[in-house]
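Quick note: the coordinates plus some simple rules give every number you see, no bench work behind them. Computed from a prediction, not measured in an experiment: that's the story for all the values here. Here the Cβ positions follow ideal geometry from the backbone for every residue, glycine too, while neighbour counts run over all protein chains shown.
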Amino acid sequence: MNNDCYLLVVNASNIKKDWDWISKHNTDNVEMENISDKTSLLAVQGPKAALAIQNLTDMNVSDMKYYTFQKGTFAGKDNVLISTTGYTGAGGFEIYFKNEDAEEIWNAVFEAGNPHDILPAGLAARDTLRLEMGFCLYGNDIDDSTSPIEAGLGWITKFTNNFVDSEYLKKQYENGVTRCLVGFELLDRGVPRNGYDVYNGLGEKIGTVTSGTMSPSLKKAIGLAYVSKEMKDLDTEIYIAVRNKQLKAKVVSLPFYKK
């Protein structure tokens, strides 16, 4: 927010775990406040997102760069934060405000967005959108047992400073890993799900599906899986165990949905 103030937005299921971690490492007695239960968030996403909300604020949202934010008046409410972030790959905004303003802001957004065909969407719709873009979901594709190098997130892992496990992760980055997160699409009929086993052509287990669905945009079954590094190359044939069958699939490039 500024040199003396940080706002950390965490996965909702990890609020306590992340809070406990930060508290444990707060060695400089930084003043901390958990405002999770006081704060609401709306994600207005899609190519018409700026058109849908611009009339609700004097802030110029149309020219905001990706991963930036502004704070000001929105829908007549003060101290609203608008950030150009989201989890859909479609672009748009995340809007943060006090709980007591939630109903009025919700109604204002939908009234302003009505000419642009705005629709409410829940987590299931968000999940298919993020998967089509190959975005990792905490608890599925990344967790305490995975590393960002294995998950293909080396681009956000900077080794210019020391951090927790930085030496270990740098070795992974330089020497390679034994397993990798890959995207795949099913060639046989079926739907992959989290936890399904992955096999090679010899019937040997080589990994596990972490996310999977029938893509609404692509009209095909897609998923993410950790596989042994020997099976990570594009077009490699793999097999997903769905019920009592092993369905043929192939490794594909991410994102699944190409704009």
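Which lysines does LYS158 reach when only Cα atoms under 20 Å apart count, and residues fewer than 8 places away in its own chain are ignored?
Those lysines meeting the cut-off are LYS170, LYS171.
If amide H atoms are built 1.01 Å from N in the plane of the peptide, which residues on other chains or at least 5 residues away come under 5 Å of the amide H of ILE206?
Here the answer is VAL198, TYR199, ASN200, since their amide H atoms fall under 5 Å of that of ILE206.
Order the peptides 102-111, 28-37 from the highest to the lowest mean number of other Cβ atoms within 10 Å of their residues.
The peptides rank, most packed first, as 102-111, 28-37.
Kindly give Rg over Rh for segment 1-154, based on alpha-carbon atoms, with the Kirkwood expression for the hydrodynamic radius.
0.98
Taking the radius of gyration and the Kirkwood hydrodynamic radius from Cα positions alone, what is the Rg/Rh ratio for the chain, to two decimal places?
1.01
So how compact is segment 133-259: Cα radius of gyration and Dmax in angstrom?
Values for segment 133-259 (Cα only, Rg and Dmax): 15.0, 48 Å.
For segment 187-197, just list the computed ³J(HN,Hα) in residue order, Karplus coefficients 6.51, -1.76 and 1.60, θ = phi - 60°, integers in Hz, with x standing in for Gly and Pro.
Going residue by residue, I get 9, 8, 6, x, 10, x, 9, 3, x, 5, 7 Hz, with x marking Gly and Pro.
Quickly estimate the mean residue ellipticity at 222 nm for the chain, helices only: each DSSP H run with n ≥ 4 gives -39500 (n - 2.57), and the total goes over all residues, rounded to 500.
Value at 222 nm, helices only, nearest 500: -5000 deg cm²/dmol.
Would you tally the net charge around THR210, using a Cβ to Cβ cut-off of less than 13 Å, leaving THR210 out, and scoring K and R as +1, D and E as -1?
Spelling it out: positives minus negatives among the neighbours equals -2.
Using amide H atoms built in the peptide plane, which far-off residues or other-chain residues are under 5 Å from GLY92 H to H?
So GLY92 has HN proximity to GLY46.
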